[in-house]
Each structure stands twice: as structure tokens, then as C-alpha cells.
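The next block holds one structure in the form of C-alpha cells; read it before the comments.
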Amino acid sequence: MTSDEIPATGGAGPPEFDTSVAHQARMYDYLLGGKDNYAVDRAQAEIGLKIYPEFAFTARANRAFLGRAVRFLAGQAGLRQFLDIGTGIPTAGNTHQVAQAIAPESRVVYVDYDPVVLAHARALLTSTDAGATAYIDADLRDTGTILEQAGRLLDFTQPVAVTLVAILHAIPDADDPHAIVARVMDAVPSGSYLALSHLGRELLPPETLRQAEDLVRRSAVQQQFAYRSRDEVARFFTGLDLVEPGLVPVEDWRPEPGTADTGKSTLWCAVGRK
Ligand SMILES: C[S@@+](CC[C@H](N)C(=O)[O-])C[C@H]1O[C@@H](n2cnc3c(N)ncnc32)[C@H](O)[C@@H]1O
């Protein structure tokens, strides 16, 4: 299937490498100030920024949330195993670097389905000697493959930190993202954690949300995005106990003193314990 044939909404398979269609991973890389993006990704991101300039802050705040969440998980929560699904193009503060700075023995399995991320995966395989990292080229919807392959590095009888940061809004309702998350969390034991962020309907002014959703519908982007309500995002944590401060915009999750980068993001986030 070529990217032109990928359906505009729902059910799209893994993206093929294509520099004529914007990719989520490469647009995010552009918003973070990276160089692994093409003109089509930059143009699409700039259209989004015209509608809502805070999308650039949103990307930075999301990445910063990932860092704080992993520091919490490796530090206070004492986790030593990480399953990072929707890894993105490697950039500063990849999950294994953050976790292994606290606990060098941490084992981290990365998962993404974008060939661009696969092409850069070597940068994720730079583990400490005491720990280990692995990369799985798979679609989040294929939980069987992910769990089977992750089980080669991770011990599923011990707690695992599952991170689904800024990925679930790329899974349409038709693919039942809540059931997908439940399948992953069913496979890990008590004491495991789920950390996620997700585009939130309530976090944009209503007229801006309408424009953003309209843009998503009209765009030739590999993935379509679903803005979900706070309640729909909370439902991913069914059966888990949220740690403080609960479900909040990413910039409000345990902010660290001295952060000069301020703004209002469009992403809900939370961390919960099984
Ligand atoms: C916005 S990036 C987030 C990167 C990183 N988690 C972060 O928050 O900094 C989202 C990533 O999810 C990946 N992704 C989207 N849908 C996916 C799916 N169904 N299976 C696997 N990866 C997916 C994209 O390819 C992209 O690299």
C-alpha cells in the first residue's frame, strides 16, 4: 500500500517511508527543534501553529513530562523495566538515558511503527553495560507481537513501567484504544505503572478545537489525531491508582522549579499504579 492509499480516517496501517506526506514523528521532531524532518512535515506543522501557536510549547512540555515521569518511575517508584511504546525519533532525554542515569541496570524496550524511527533506532541501543535496551518495529495495535518480543528482554513477573506518551490520540475509536491499553496492562503484574499523555478536547478554545479537527480531517498526514475528553483519557487508567497530582495538563504534572518554558499545552497526562 502506498501512503496515498492510506485511508484518511481510522484503520491506517504503519506508515511507509514517504517524504511527500507529513509523519507524526517528523512533525514532532520539527516542533522540538530537531533536524530529522522534511519540507512536508514542516509545512504541516506550520499550518497547525497558525491555528494554535501553543502547539510548539505543547511538544516541548510533552517531552519534559516524559522526562519527569521516567525520573519518577525510576527514582521514587523504583522501577527497573520500561516498555516505551510510541518512542518517536530519538532526541535529547530518551527513556533509557533518563532511567539509566538513576538506575544503570534499567532495561528499556522501545516500540514504534514508523520506518523513520526504525532508521534512527541505533541511537536507542546505547545502553549502559549494567542495563539493556531493545527496539521493536511494531504497531501498538499488535499487542501480541509487542508483548511476545518485549518478553525477550523484560521479565513480566516483575513490575514494568509502560509509557504511552503522545501516541494514543493516533489510535482511532474504531481500533478501540482503551482495549489496547487494557491488554498491555493485563500483561504486567501489580506494582507496574502506566504513564501517558493525550490530546485533550477541553484544552483548546472551542473554535480552535473545531479548526484543529477540521485541519486533521483535511490533511494528508499519515496519522489522524483524535482529541479526547478528560473522561475518555481517565478511562485508560481504569483499575489503576493515579499518583499525585492526578490527571492534569502535561506542564502541571510535578513541574520542576526553575523551568523558564511556560505556556498552555493541549495534552492531558497522568501516571497510574496497578
Ligand atoms: C509524537 S511522537 C511521541 C514520541 C515520544 N513518546 C515523546 O512523547 O516524546 C508519537 C510517536 O508514536 C508513533 N506511533 C503512532 N501511532 C503508532 C502505532 N499505532 N504504533 C506504534 N507507534 C505509533 C509515531 O510514529 C511517533 O513516533
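Figures for the structure shown
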{"item": "Whole-number percent relative contact order across the chain, with pairs defined as alpha carbons under 8 Å at least 6 apart", "result": "21 percent"}
{"item": "Cα coordinate range in the chain, projected on the principal axes (Å, largest first)", "result": "45, 40, 34"}
{"item": "Shape parameters for the range 149-274, alpha-carbon atoms, Rg then Dmax in Å", "result": "15.9, 48"}
{"item": "Charge tally in the Cβ shell below 14 Å around W268, where Lys, Arg are +1 and Asp, Glu are -1, W268 excluded", "result": "0"}
{"item": "Loop-resident sites, the range 17-87, for trypsin sites (Lys or Arg not before Pro), counting at most 13 other Cβ within 10 Å (DSSP)", "result": "K35"}
{"item": "Summed side-chain charge close to G200 - residues other than G200 whose Cβ falls under 14 Å, Lys, Arg +1, Asp, Glu -1", "result": "-2"}
{"item": "Hull volume in cubic angstrom per residue (convex hull over the Cα atoms of the range 165-226)", "result": "96 Å³"}
{"item": "Measure of compaction for the range 60-189 (Cα Rg per 2.2 N^0.38 Å)", "result": "0.98"}
{"item": "For V165, residues with placed amide H under 5 Å, excluding near neighbours", "result": "I85, S197"}
{"item": "Stretchable slack from K264 to E105, in nm (0.36 nm times residue separation minus alpha-carbon distance)", "result": "53.7 nm"}
{"item": "Spatial separation of Cα centroids for the range 156-185 and the range 67-104, in angstrom", "result": "17 Å"}
{"item": "Alpha-carbon radius of gyration plus Dmax, which is the widest Cα pair, for the range 74-124 in Å", "result": "11.2, 35"}
{"item": "Translational diffusion of the range 14-80, µm² s⁻¹ [Kirkwood Rh, Cα pairs; Stokes-Einstein; 4 °C; 1.567 mPa s]", "result": "97 µm²/s"}
{"item": "Candidates A132, A182, A119: whichever shows maximal mean-square fluctuation once the chain is modelled as a Gaussian network with Cα springs under 10 Å", "result": "A119"}
{"item": "Most fluctuating residue given options Q81, Q24, Q211, as computed from a GNM of the chain linking Cα atoms under 10 Å", "result": "Q211"}
{"item": "Fluctuation leader among L196, L140, L49 - the chain, Gaussian network, Cα springs under 10 angstrom", "result": "L49"}
{"item": "Label-to-label distance, nm, for residues given as R152 and A182 (7 Å Cα→Cβ offset)", "result": "3.0 nm"}
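Where a number appears in this text, it was derived from the coordinates with a stated rule and is not lab data. What you see is a predicted model, and the numbers here were worked out from it, not measured in a lab. In this analysis, Cβ positions are derived from the backbone assuming ideal geometry, glycine residues included, and neighbour counts consider all displayed protein chains.
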